[in-house]
Amino acid sequence: MAGNGERVGDVLLAEDGPVLRATIDRRDARNAISPSVVDGLEAAVRRAREVEARVLVIRGAGGTFCAGADLAWVLGTIDQPGALQPGGAFIALLDRLTAVLGEMEAAPFATVAVVDGFALAGGCELLLACDVVVADEAARIGDRHLELGLLPGGGGSVRLYRALSPARARWLLLSGEMISGREAAEWGLVTRAVPGDELDRVAEAMIARLAGRNGDSLAGAKAMIAAVRDVPVADGVAAEQRVFIDHMGKNDAMRAALARFLSPKER
C-alpha cells in the first residue's frame, strides 16, 4: 500500500516501496496542465531521484489522465506584457514543462503512465515522455493542438515522430484526431491497452515487474536508450557497449543475481 502521501501543487505524491506514485488532481479541469501541475511534476521527479525510486507512476484523478493545457490560464497569460518573451510568464512555464518531461525521459528510473479518459495535447506530450504506457482501450488519445489553432510546445511533434511512422505522426499532428487506447496500442503509441475494468490489475502487474528490477540495471538500460536514440546504428552500438561495460564492471548486485540464477537450488 502507498504511504507517506503529500500534495505538491495539484499533484498527489505517495511512496510505495520502490514506486513513487504521482496523481494529477485537478478533476474539475480534467487534470489540465497549469503552473501548479508543473510544480507537482517537478516535485515528483525530484522525489523519485531522492528516494532512489525504481518506478515513477503518473496518473490522473477522477477518470481522466490529462486533457491538455489549462486553456483559461493560457488565454489569461499570453497577452500579458512580455509573456511570450524569454523569461516571460508563458515561456517560463513552457520551459519548465519541457524540462521536466525531458528529465522524466532521461531519468534513471522507469516512468509509467496509466491512462484512462483523455490524454490530449499536453496530456499526450506527458504520455509520450514516459517509458511505458498502459491505457484503457476506450481512452481517447491525440495531439489536439490544431483543433484550437495551437501547436505542440512540450515536445509533442518530436516524440510523436519517434514513436510512430512518419505517416501516422503527420496525421495525428495535422488532423487533431483522437484515437482510442486500443488503436494507440496497435499503432505503437502506447505499450498495452486493456479493457477499463482490467486497467488497474494489468498496470499494477507491469509496475511490480519493473519495480522488481535492479535499480542500477534500470538506470543502465535507460542510459542505453538515451544513447542510441536517433543516431547511426554503429554509433548506437558503440554507445551501448560503453554503458554495458561500465555497468558490468561496477554492479555487485548484478553479480549476486547471476550467482543466484546459476545456483543449483534455483534450477
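Summary table below
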quantity: Rough spin-label spacing in nm, given labels placed 7 Å along Cα→Cβ, for Arg49 and Ala259; calculated: 3.3 nm
quantity: Helix-derived mean residue ellipticity, 222 nm - over the chain, DSSP H n ≥ 4, -39500 (n - 2.57), to 500; calculated: -15000 deg cm²/dmol
quantity: Ranked Glu177, Glu186, criterion: other C-beta atoms within 10 Å, fewest first; calculated: Glu186, Glu177
quantity: Cα→Cβ-extended label distance, 7 Å offset, between Leu94 and Glu6, nm; calculated: 3.2 nm
quantity: Around Pro152: net Lys/Arg minus Asp/Glu count, Cβ-Cβ under 11 Å; calculated: 0
quantity: Relative contact order of the chain, defined on C-alpha pairs under 8 angstrom at six or more residues apart (%); calculated: 15 percent
quantity: Net length gained if the chain between Glu186 and Asn214 were fully extended (0.36 nm per residue, minus Cα distance); calculated: 7.1 nm
quantity: Surrounding net charge for Ala48, when Lys and Arg each add one and Asp and Glu each subtract one, Cβ distance under 12 Å; calculated: -1
quantity: Label-point gap, in nm, between Ile78 and Ala14 - each point 7 angstrom along Cα→Cβ; calculated: 3.7 nm
quantity: Sum of side-chain charges, Lys222 neighbourhood, beta-carbon under 9 Å (Lys, Arg +1; Asp, Glu -1); calculated: -2
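A short reminder: the numbers here are calculations on the coordinates, not readings from a lab. The structure displayed is predicted, hence computed values, not measured ones. Positions of Cβ are generated from backbone atoms using ideal geometry, with glycine treated the same way; all protein chains shown enter the neighbour counts.
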